[in-house]
Structures are given as C-alpha cells and as structure tokens.
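The values are calculated or read from the model by the stated rules, or taken from the named source; none is laboratory data. Because the structure is predicted, anything quoted here is derived from the model rather than measured. Please note: Cβ atoms are built from the backbone with ideal geometry, for glycine as well, and neighbour counts cover all protein chains shown.
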Amino acid sequence: MPSERFILKVIINTPLRKTFDYLPHANINKSQLVPGVRLRVPFGRSRDVTGILLQVSDKSELPHAKLKRVIAILDKTPVFPRQHLRFLLWACQYYHHPVGDVVLGTLPRLVRAGAALELSTLDYWQPVNCPKSDIAKLLKNSPKQRAILDYLSKTGKPVSPEDIGGHFKNWRGPLGQLQKKGLVRKIAQNESLAGTSASPPFELNQEQKQAVKTIITCLDGYHAYLLNGITGSGKTEVYIRCIQEVISKDSQVLILLPEIGLTPQFVEHFKARLGIKVDVLHSGLTDRERLNTWLRAKEGRNSIVLGTRSAIWTPFKRLGLIIVDEEHDPSYKQQEGFRYSARDLALIKAHQTRIPVILGTATPSLESAYNVTLGKYHELHLPQRTGNARLPEILIQDIRGETMQDALSPFLLRIIGENIKKNEQTLLFLNRRGYAPVYMCHECGKMVQCPRCDIRMTYHKSDNQLSCHHCGHQRPLPSQCPECGNRTMIEIGHGTQRLTETLEKFFPESRILRIDRDSTRRKGAMHSMLKDIQEGKVDILIGTQMLAKGHHFPGVTLVGIIDADHGLFSADYRASERMGQIIMQVSGRAGREEKPGKVIIQTHFPEHPLLKTLQAHDYSAFNCLLLKEREEAGLPPYSFQAMVRAEANKLEPVRRFLTEARNQFPHKGHPCEVFGPFVPPIEKRAGKYRMQLLIQACNRVQLGKVLQEWILEIERLPASRKIRWSLDVDPQEMI
Ligand code: ADP
Ligand code: ZN
C-alpha cells in the first residue's frame, strides 16, 4: 500500500480509553513502522507529545483530511520486547484502564520524555590518595563532605551512587565539592560489576531441599508455587537456591517485595548471599538510574531486579523466574490511578512468559489458599523453623474486667518487667500512630473532627497538634472546645506515642524505641533504629505494622499484641484476614534464635475461634475458617468484584451520577449483581463527598465482559466528565 494509506494507531498518555490515528510523515519506509517504537506527534493545540506505535492499519474512523502527521520516529527498534507490549495490553484490558496510562505511565520518565535509550555507564566513586593534613585543611568547615569521604574510604572499593544515596541525603552537592577539591574521583564501571563474594551456603533442611528440587526441575514452562513457610523457616534460602539455578542458565529473575525501605536487611542479605550485582528499584533513584536499570533488564545485561510493586513493569530479555515475597501484603495493590495488583500480574507475566513464579509467605492470602485447593497453585510447605529456633508460645489474655494501666493489663506489665530483668527485648504492637485517636471536650463531649473529612482527628502530643490520618490536615490544639467554649479538653484511646509514654513511666530505666511512620520520617532513621535494635541498644520497641514486615530481631523474646479486637469485628470483610496476618507476622519476630519466644494477645474475646487457630499456629485452619465464611457470604475468592468510586464537592451530584451509571448497567445475559450507590465508611475525605457502586459476579470472565460494555456507557454520561470517578477491579479496600 502506498505510504499515504498507512494509518498509524498511536498510544498517547491521556485519560481516554483509545488510541489516536496519525499519518506517517513523508518518505517513510514501512520497515520503520514497527509496533512499540516511540513517535513524536502533535497533540491538542500546539503541543507535541511522545506516543508509542501500537499498529499500522489502513482504516480510520476519521476522514483522511482531518488526520495529522507524525513529526518524527524516535526509535529504530521497539522500546520494549513484543511480549511486554502484550503484557501491558492484557493489564489494560483486565483493569479497564486507559491504554495510554498503562503503556506510557509505566515507563521510566526519561523514556516517556523521548530521551535516547542509551545505557550510560554509571559513575562509581572512590577517594584519591592524599596526605591527611591536606584533607584536614580542605575539609575544615565541611562536615558533610568529611562524612562522605570517610564513608568512601571505609568501604575500600568504588561506591555506587545508589549506595551513597542510601547513607546520605542531598549528597550530590558535597560530592561535587569533594571532586573539585581533588579528594575523590569518578570511575566508570560497567554494569557487570562483580559484588562481594557469597557467604558459604549451609545445608538445606529436608523441606527446603524438596521445595528447591520441585521448583528447579521444571524451569521451562509456567508453574505457580505457593511457598508456604512459617516465619523463620528459611524461605529466603529457597529463593536464593532457585535464583542461582536460574541465573546459571543465563536467565533473569524478578523479585518483588512489599516495601524496600522497610526491609534493608533483606536486601543486604540477598546481595551478600548471591554475591552478584542486584539491581534494586526504589523511590530514591534518579531518573537516569531508573532508566539504566530498565535498559539493563530489557537488554538482558543484568541478572536480578529487585523492587516494589512497580518493578512488575520492567521489561526483560530473558526472564526465567518471578518471586513475590510476602504475597499476602496489601501493598501489592496500587490504590489510586491505575489500580493494579502486582501479585496477580506476576502470575499473568509468568504465564505469558512460560516461566515459574513463586509466591512466598507465612500467611497466605485467602485468594492464594483457595487457588491451592483449586489446583491452580502447587503448595510447598516449610513447616519448621531453621536451626534450633522454635515457634513462640502464644497466650491469649482475657482482659475483660481487668483494671488496665492505659492500654496494658497488669499481667502484660509484669511479664514485660520480667523480660527486662532477663535483659531480653520486648516488642509491643499497636497499629495506631499518634498519641490518642480522639480529642474531646470534657464538658459537652464534642470530638474534634477534620474539617475536610468526616473523621476524628488524632492527637499528636510530640508536636502538640491534631492531625487527620486520612488527608494529612493538621491544626494546632484548640485551647477551648469549638462547640461550648469549655477549656477542659481530654484525649481518649491509645496510640503508639501514648503507649511509649506509659511504658516510660513504668520502666524509667529502660531504653524504649517507637517505630512508626512519624518516628521514621527522616531518611535513614529506620536504618539506624533497626541497627540499634540489632545491637541490643533497645529494651522495648513499640510499633505499628511497619514492624511486622520481614524484619529479623534476634533479641526479641516477648511480643505483646495490645489490641487484637479491632480486626475481629469490622465493617471491612477483609479485616479479620489482615488481623490474622499481622498477628502471625509480628509473632514471627519473636524467638528466632536460641531463646524461646512468647506472644501475649490482649483481647475481650478469648474464645474467638479465629484467635484459637492462631494460638495453635495453625494458619491453614485460620484460612479454612475464613474461607468458609466467605463461601457462605458469597464473597471473594468465591466471587469477583469491581468497585466504581465517585466523589465531588457535594453528595447529591455523586448520588445522581452513580444512579445514572447503575441504570446503564447491561444486565442482559450477565448474571452480575450491582449494589449501591452507597456511602463508604468514610463519607467525606479531603473535602470530597464520596459514594460507590459494588459489582459482584461469580465468574471473572463475565465480570470482565460486562465491565467493558458498561464503562463505555458510563463515559457517555455527561456527568461522567464533571465528577471524579474510577473503576477498581478486584478492590482490596471497601473505604
Ligand atoms: P523466612 O523468610 O522464612 O522467615 P529466613 O529465610 O529469613 O526465614 O531464614 C531465617 C534464618 O535461618 C536466616 O538467618 C537464614 O540465614 C537461616 N537459614 C535458612 N535456612 C537455613 C538452614 N537450612 N540451616 C540453617 N539456617 C538456615
Ligand atoms: Zn482529613
């Protein structure tokens, strides 16, 4: 066909669910029009954007004369392998999310901006040999430069920008100064940099051996494994052996973790054990570093990419294995914008690439547990702790009628005291940061609400403020009641700050450390706190769920769960599942080494069957109970859900819009149920009124079809352009 007849279907980053048609520029050679190359195209008024060529067609819905021409083709070859484009399009269809946001939104910023796709050699840094007296003179008034230089000297080998960034904030300026003064120099390292040597492997136990053997004997082809191993059973070692096997065959490995910032130990351990360079994707990277990792993966130049959920969007040349650690963790689901689940996508990617995927956890999600019963996943058990470590004893402590000392029962206080005397560490878990969740007038009972959300504000004593944990709004403490003017305001309930204060009162000699989002805000804070714990500089540590994630605290022998009841009776049907996971994960921190551990769960419902199964360390039984409940209620994983959320400055337009949307629902031939519009537990958030529709089907394919039809209908509603709304497939949160 003559080039004038080519119609290029181009993906552009817009909220619209479609591609855009363009004509090629003059003298184009058809061989240049490979799907996946970037194009520069005019878009809207006087704006050029980067798009991606999806396909070449000979048809357009628009008249030829109306079509604009491509300005330039930016690449000779597609920016990602064909296979990756297929993966992106699958995600786009499954989540019914605009194709531009999926395909372009998941690219590194520099790729999106049209930058040349060249691997820049990373600069590593090392000190220049200088007499000490010269250094002292040059750095007399520059403590930061001094610190960086000391760090570089200490490590004894060239240091990557990534590592410097891990230790220092705003380090580029001072490092530049050091270079100017001739104290450090840059050396270009190519990406095949060898790491430290691997520490000697120990003998695997029987179950570990079996798991590794099962996985590595079929590395060709799709297999989904649920590596169900209690905390401390050596799952990481199983990963490592499988990874070694895969990279020895020159394939690549993708490892997903819930939150890298919270698990530096895991990453360090991994790097040390594997002894080769691990590309870590985290939020602290510069655009250039991110692009480098992306390019290395796609060109097959690295062996391992380790990252959080967005690392699932890395294209690989020879991917051979995917590992999803802590597969149950809710943070694998993105909760805004493109609402994907990296865990679920890992399975799709493995399936499309025909490779194995390992989902590792001590507390399988109900979805995964159910998939095992369906035969979709192969379950591998690691039922015992490695070495001599034993599982902690779990005590369920009935606090009904107890005289509590703030949130602590006399029993728990006594046990903490004994533990301190033994010089052993205690971990107290309370999933509520701040001082008190309620700040109230003692005279009229008025509780201070966030002006932007229909939720009470949390009292933060350390900075003498009230703070909204939903929108971040802060205000100074009112000196009097905004309602009646009375001056006696009281705080009700307990957060981590208050618990810390209480413990300081009871154990004034002890070293107490609080770990939550407030206390770890400063960069590097978490790192140094973990180090203090590790070095035994802490007696009692108090924390939120940040503490539950994958840390190894060898010295902790006592764990206290301050409030287990919250999860037993909640409006969100997932609350019990989350509570069980957190209790098991936190308990798993105790007694990992020689000394046995003890866990005390404070509750008003000591007979609750869910708590009983946890007490018996029988997480499978816990999941069975929950699965039965879900089956009876027809809830996921026995059904499939989607949620349409909408919000606006007033409630009525939201209700009207969702009612109209509901009226458009294509019921015919689709056995789906629609619930709503209803108001979520938090009606107003950040100044917006919110409502939602819940769609439920017993078949995933059915749900997909109906959503596809329906979403086009919704988009045709005039109100859909005035109201902020979104579709969430497989929603994880009901709020
Ligand atoms: P999990 O991830 O299952 O909670 P880890 O992988 O962190 O457990 O393993 C716990 C500890 O046991 C680690 O220090 C690890 O190095 C060690 N370990 C793993 N496998 C073995 C083994 N076969 N023998 C002795 N120690 C082991
Ligand atoms: Zn708020």
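Being assigned to a loop (DSSP other than H, G, I, E, B) and more than 34 Å from the chain's Cα centre (by Cα) is the filter here, so list the residues in the range 656-669 that pass it.
Selection gives 664, 666, 667, 668, 669.
Considering only residues that are hydroxyl-bearing (Ser, Thr, Tyr) and surrounded by 14 or more Cβ atoms within 10 Å (Cβ to Cβ), look in the range 453-475 and name the one that is farthest from residue 648 (Cα to Cα).
Looking at the filtered set, the residue picked out is 459.
Would you mind stating whether residue 510 is among the small types (Gly, Ala, Ser) and assigned to a helix (DSSP H, G or I)?
Spelling it out, it is not the case that residue 510 is among the small types (Gly, Ala, Ser) and assigned to a helix (DSSP H, G or I).
Within the range 699-735, how many residues are farther than 16 Å from residue 93 by Cα, of a type in the set (S, T, N, Q) and in a helix (DSSP H, G or I)?
Looking only at that region, the number is 1.
All but one of (1) crowded, with 17+ Cβ neighbours inside 10 Å; (2) within 16 Å of ligand 1 (Cβ to nearest atom); (3) of a type in the set (D, E, K, R) hold for residue 424; state the number of the condition that does not hold.
It is condition (2) that residue 424 fails.
Yes or no, residue by residue, for (1) more than 25 Å from the chain's Cα centre (by Cα); (2) not basic (Lys, Arg):
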site	(1), (2)
352	no, yes
357	no, yes
364	no, yes
371	no, yes
385	yes, no
389	yes, yes
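Answer with yes or no whether residue 586 is touching a residue at least 40 places away in the same chain (Cβ under 8 Å), closer than 26 Å to residue 459 by Cα, within 16 Å of ligand 1 (Cβ to nearest atom) and hydrophobic (A, V, I, L, M, F, W, C).
yes
May I ask you to list pairs of residues, at least six apart or on different chains, whose Cβ atoms are under 6 Å apart, with the first in the range 445-467 being not assigned by TED's automatic domain parsing to the domain that holds residue 684 and the second being in a loop (DSSP other than H, G, I, E, B) and within 16 Å of ligand 1 (Cβ to nearest atom)?
none
With respect to residue 244, is the statement that it is buried (at least 21 other Cβ atoms within 10 Å of the Cβ) and more than 13 Å from ligand 1 (Cβ to nearest atom) true?
no
Quick one: residue 34 ticks every box in (1) closer than 30 Å to residue 720 by Cα; (2) in contact with a Pro (Cβ under 9 Å, 6 or more places away or on another chain); (3) outside any strand (DSSP E or B); (4) of a type outside the set (S, T, N, Q) bar one, so which box is it?
Every listed condition holds for residue 34 apart from (1).
Determine whether the range 590-597 contains at least one residue that is modelled with pLDDT of 90 or more and of a type in the set (Lys, Arg).
no
Quick check on residue 90: is it within 32 Å of the chain's Cα centre (by Cα), within 30 Å of residue 644 (Cα to Cα) and in contact (Cβ under 8 Å) with a residue 40 or more places away in the chain?
Against the criterion (within 32 Å of the chain's Cα centre (by Cα), within 30 Å of residue 644 (Cα to Cα) and in contact (Cβ under 8 Å) with a residue 40 or more places away in the chain), residue 90 qualifies.
Filtering the range 439-453 down to residues that are more than 9 Å from ligand 2 (Cβ to nearest atom) and not hydrophobic (A, V, I, L, M, F, W, C), which residue is nearest to the chain's Cα centre (by Cα)?
Per the stated criteria, the residue is 439.
Determine whether residue 413 is buried (at least 20 other Cβ atoms within 10 Å of the Cβ), away from ligand 2 (no atom under 16 Å from the Cβ) and of a type in the set (A, V, I, L, M, F, W, C).
no
Find the residue count for the range 226-265, including only residues that are over 21 Å from the mean Cα position of the chain (by Cα) and of a type in the set (Ser, Thr, Tyr).
Total satisfying the criteria: 3.
Looking at the range 622-655, which of the residues that are among the polar types (S, T, N, Q) and part of a loop (DSSP other than H, G, I, E, B) is nearest to the chain's Cα centre (by Cα)?
Only one residue fits best here, namely 639.
Does residue 387 fit the bill of being closer than 25 Å to residue 236 by Cβ and either exposed (fewer than 15 other Cβ atoms within 10 Å of the Cβ) or not assigned by TED's automatic domain parsing to the domain that holds residue 551 (or both)?
For residue 387, the condition - closer than 25 Å to residue 236 by Cβ and either exposed (fewer than 15 other Cβ atoms within 10 Å of the Cβ) or not assigned by TED's automatic domain parsing to the domain that holds residue 551 (or both) - is met.
Considering only residues that are among the aromatic types (Phe, Trp, Tyr) and under 18 Å from residue 105 (Cα atoms), look in the range 7-57 and name the one that is modelled with the highest pLDDT.
20
Assess whether residue 31 counts as being more than 23 Å from residue 296 (Cα to Cα) and exposed (fewer than 13 other Cβ atoms within 10 Å of the Cβ).
Spelling it out, residue 31 is indeed more than 23 Å from residue 296 (Cα to Cα) and exposed (fewer than 13 other Cβ atoms within 10 Å of the Cβ).
Within the range 209-241, take every residue that is buried (at least 19 other Cβ atoms within 10 Å of the Cβ) and of a type in the set (Ser, Thr, Tyr) and give me the one that is nearest to residue 363 (Cα to Cα).
231
Residue by residue through the range 254-305, note down the ones that are of a type in the set (S, T, N, Q), farther than 20 Å from residue 327 by Cβ and crowded, with 20+ Cβ neighbours inside 10 Å.
Passing the criteria: 292, 293, 302, 303.
For the range 515-543, which residues satisfy the criterion of being within 23 Å of residue 421 (Cβ to Cβ) and either without any contact (Cβ under 8 Å) to a residue 12 or more places away in the chain or charged (D, E, K, R) (or both)?
Within the range 515-543, 532, 535, 537, 539 qualify.
I'd like to check something: does the range 17-37 contain any residue that is of a type in the set (Asp, Glu) and more than 28 Å from the chain's Cα centre (by Cα)?
yes
Look through the range 670-698, keep the residues that are assigned to a loop (DSSP other than H, G, I, E, B) and within 16 Å of ligand 2 (Cβ to nearest atom), and return whichever of them is farthest from residue 94 (Cα to Cα).
687
Taking the range 110-137 only, how many residues are surrounded by 12 or more Cβ atoms within 10 Å (Cβ to Cβ) and basic (Lys, Arg)?
Residues in the range 110-137 being surrounded by 12 or more Cβ atoms within 10 Å (Cβ to Cβ) and basic (Lys, Arg): 1 in total.
Residues in the range 476-508 that are surrounded by fewer than 18 Cβ atoms within 10 Å (Cβ to Cβ) and either within 28 Å of the chain's Cα centre (by Cα) or free of Cβ contacts under 8 Å to residues at least 24 places away in the same chain (or both): how many?
8
Which condition from (1) crowded, with 22+ Cβ neighbours inside 10 Å; (2) assigned to a loop (DSSP other than H, G, I, E, B); (3) not polar (S, T, N, Q) is the one that residue 358 breaks?
(2)
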